[in-house]
């Protein structure tokens, strides 16, 4: 199990800066996270190297006596896989969100907040099990530290709370798809072979590997048209290979289209032009 990232990051930052604050012991405040939306409600698709910036918006209602300064006190949204008490992996923004006060009462402050969770696949995703539906939680963290050791004493205490059930979001492995039609040029009525390959991100090894036994639609667009039509469905074989044959009818473009699965994002190959004589 990895440690909760927000608590660890906050503690580490304070240790590095030598921030000193009065030591206090208090119960976590009652924060209310509502209307949480991650990635505009869409699945998060991640490859092997490029970081992915995931927008997050939510409403936070806090006691008016609680100040969230993002120096010693932090509130935000976390994605986690597994249970809230014993998660298998977590992802959080790590930076302060942008919040605007929308309402106040004698006892509460309500804010509209936006944030960005940055996912670096080389740092944050470790195994194929990460390609699944993740849970969303609101989190609170606070640290008190007295690191002045001139009196031969230091003190350090942290407070962390999380509220689950704030939503769900899929994280999927990115897919790549190719297409090649040959021979070219080709005489009308002759056989064209259209090959291709479907691969998807392997986070454990940092590469793309073949995705076997998956349906991909072979589509054709005539040179004079802007619309693709489906010719047939082909299933990937060893190493994600695709191959099929069609009769040459007219100049145009062939491509493969993969609709995606629960764990893998959709992919569309670039159209490959075929010259029919």
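The values are calculated or read from the model by the stated rules, or taken from the named source; none is laboratory data. These numbers were taken from a predicted model, which means no experiment stands behind them. Cβ sites come from the backbone with ideal geometry, for glycine too, and all protein chains shown count toward neighbours.
Quick look at the numbers
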{"item": "Test for residue 125: is it more than 23 Å from residue 72 (Cα to Cα) and in the same structural domain as residue 68 (by TED's automatic domain parsing)", "result": "yes"}
{"item": "Single unsatisfied condition, residue 204 versus (1) in contact with a helix residue (DSSP H, G or I) (Cβ under 8 Å, 6 or more places away or on another chain); (2) crowded, with 18+ Cβ neighbours inside 10 Å; (3) under 30 Å from residue 77 (Cα atoms)", "result": "(2)"}
{"item": "Single condition residue 119 does not satisfy, out of (1) in contact (Cβ under 8 Å) with a residue 12 or more places away in the chain; (2) more than 20 Å from the chain's Cα centre (by Cα)", "result": "(2)"}
{"item": "Options 179, 137; residue that is assigned by TED's automatic domain parsing to the domain that holds residue 239, buried (at least 21 other Cβ atoms within 10 Å of the Cβ), in contact with a strand residue (DSSP E or B) (Cβ under 8 Å, 6 or more places away or on another chain) and in contact (Cβ under 8 Å) with a residue 12 or more places away in the chain", "result": "179"}
{"item": "Subset of the range 135-158 [out of contact with any helix residue (DSSP H, G or I) (no Cβ under 9 Å at 6 or more places or on another chain) and not in a strand (DSSP E or B)]", "result": "148, 149, 150, 151, 152, 153, 154"}
{"item": "Contacts under 6 angstrom Cβ, first residue in the range 93-116 being on the phi > 0 side of the Ramachandran plot, partner not in a loop (DSSP other than H, G, I, E, B), 6 or more apart", "result": "94/9"}
{"item": "Single match in 197, 170, 187, 217 (criterion: more than 30 Å from residue 51 (Cβ to Cβ) and touching a strand residue (DSSP E or B) at 6+ places or on another chain (Cβ under 7 Å))", "result": "217"}
{"item": "Residue check, residue 165 under 22 Å from the mean Cα position of the chain (by Cα), surrounded by fewer than 14 Cβ atoms within 10 Å (Cβ to Cβ) and under 21 Å from residue 33 (Cα atoms)", "result": "yes"}
